[in-house]
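The values are calculated or read from the model by the stated rules, or taken from the named source; none is laboratory data. Note that the structure is predicted; figures quoted are calculated from it, not measured. Cβ placement follows ideal geometry from the backbone for every residue including glycine, while neighbour counts extend to all protein chains displayed.
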Amino acid sequence: MSFDRIVGQEHVKAQIGAWLSAERMPHAVLVSGPEAVGKRHLAVELAKAVNCRRGSDPCDQCSSCLKIDSLSHPDFHTLLPLPSGSAKLDSAQVLTGLREATLAYLQKEEPVLRNSNIAREHIRFIHREMSYAPTEARRRIAVAFDADCMHRAGANSLLKILEEPPKQAVFILVSAHPERLLPTVLSRTQRLHLKPLTREELTRQIMNEGVEAPRAELAARLSGGSLYRARELVEDRDGLFEERRQLVECFIEAGFNGEDGEYWPIAEEFGGRSERGRLEAFLRLCGVYLRDLFMLAEQRPDDLVNTDRSNRTAAWLEKIRPGRIESAALEVDRAFDDLSRNVDSKLILAGLWNGLRHCRRSSPAPSSSRSHP
Ligand SMILES: [Zn+2]
């Protein structure tokens with residue numbers, strides 16, 4: 001990948017270009033932006049650009065680019081949150097251990113597991129490595145992925161490095177939650193902020209990849225500005241996406257009808273911890289449907305996402321009290337909050353379910369309790 005294969009984010013590419021052409025690469029860069037917009041890959045491309053032997057747009061062919069891509073460059077290091085309780089890597093294993101974990105991490109855009117942290121020992125180890133002169137590149141570069149996932153001690157170690165960065169060292173911090181970084185760390189970084197892609201950018205890109213227009217548009221609308229998610233949606237060859245839509249429709253409709261018997265089989269779908277990703281996708285889709293409902297209530301049918309389901313959504317509108325739609329949508333936000341706080345999946349669903357039930361025209365006033373149905 002090189003910069004022109006990163007879709008959109010022109011402001012970020014321009015900034016990087018300006019740094020490199022003026023030979024004023026900062027010692028510390030923060031790559032921020034929402035989940036799944038390509039921060040991880042941008043960080044790696046930036047590292048390649050800094051050290052590419054052929055220019056400042058990574059060529060993908062020189063030995064430096066190739067080694068960074070395979071994470072085997074002696075002057076390129078990575079830090080990654082690992083689940084607490086996972087075996088500590090001792091110094092002999094740190095580099096290979098982190099390399100393997102990072103290769104797997106770069107394959108996907110999934111958030112790191114909760115309770116994962118960048119180990120303080122790893123930060124110290126990388127600090128030591130970074131203090132040596134580069135062996136073959138112009139700069140030694142360390143990328144800390146999900147840099148906000150570290151304990152106080154780790155954050156302080158990181159701060160120490162950034163206070164007196166070794167000459168020829170570049171630190172790239174990647175974070176979707178920069179507000180969780182120490183202000184003193186933040187103030188020492190130059191920010192590259194990635195934005196969600198626009199619907200037009202996504203549609204155009206997905207169509208360029210050979211997908212027909214209506215499907216590309218739907219994926220773009222459902223992806224929340226993430227090319228990664230949009231691709232996932234169009235690659236739905238097994239009909240999983242359609243299945244998921246039906247499950248969400250069934251859940252919302254039964255909630256509006258107050259059919260508690262329908263709740264349990266759906267709740268059973270999201271049992272274990274491994275199902276978090278699926279639950280997240282389910283909730284995102286619930287949010288899209290409730291937004292559609294809101295748009296219909298506001299008489300803005302052109303803003304619907306699930307345009308092919310407008311009849312069904314319109315029928316829901318008959319069943320609910322108009323003033324409650326917004327609060328049902330807020331339940332989805334609350335569910336996402338709970339998800340990030342690692343609340344049990346079934347409790348999250350139960351909360352959302354109660355929110356839906358309370359939208360019914362015939363339902364009693366909502367209570368604040370979040371008990372199971
Ligand atoms: Zn190169």
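Out of all the residues in segment 58-70, is one or more surrounded by fewer than 17 Cβ atoms within 10 Å (Cβ to Cβ), in contact (Cβ under 8 Å) with a residue 40 or more places away in the chain and of a type in the set (D, E)? For segment 58-70, residues surrounded by fewer than 17 Cβ atoms within 10 Å (Cβ to Cβ), in contact (Cβ under 8 Å) with a residue 40 or more places away in the chain and of a type in the set (D, E): present.
Considering segment 140-156 alone, what residues qualify as being in a helix (DSSP H, G or I) and surrounded by 19 or more Cβ atoms within 10 Å (Cβ to Cβ)? Correct list: G154, A155. Taking the condition in a strand (DSSP E or B) and either within 16 Å of the ligand (Cβ to nearest atom) or within 29 Å of L20 (Cβ to Cβ) (or both), does T102 pass? Judged against the criteria, T102 is not a match.
Select, from E200, E253, E232, the only residue that is exposed (fewer than 14 other Cβ atoms within 10 Å of the Cβ) and part of a helix (DSSP H, G or I). Spell out the reasoning first.
Numbers: E253 fails: exposed (fewer than 14 other Cβ atoms within 10 Å of the Cβ); E232 fails: exposed (fewer than 14 other Cβ atoms within 10 Å of the Cβ).
Answer to the check: E200.
Looking across segment 264-286, the residues that are assigned to a helix (DSSP H, G or I), surrounded by fewer than 21 Cβ atoms within 10 Å (Cβ to Cβ) and of a type outside the set (K, R) come down to W264, P265, I266, A267, E268, S274, E275, G277, L279, E280, A281. Counting only helices (runs of 4 or more DSSP H) that fall entirely inside segment 1-94 and contain at least 2 residues that are within 16 Å of the ligand (Cβ to nearest atom) and of a type in the set (S, T, N, Q), the qualifying elements are 63-69.
Based on what the data block shows, is L222 modelled with pLDDT under 85 and outside the structural domain of D338 (by TED's automatic domain parsing)?
Values: modelled with pLDDT under 85: yes; outside the structural domain of D338 (by TED's automatic domain parsing): yes.
Yes.
With respect to the stated conditions, T189 is within 25 Å of the chain's Cα centre (by Cα), more than 29 Å from N342 (Cα to Cα) and at pLDDT 95 or above.
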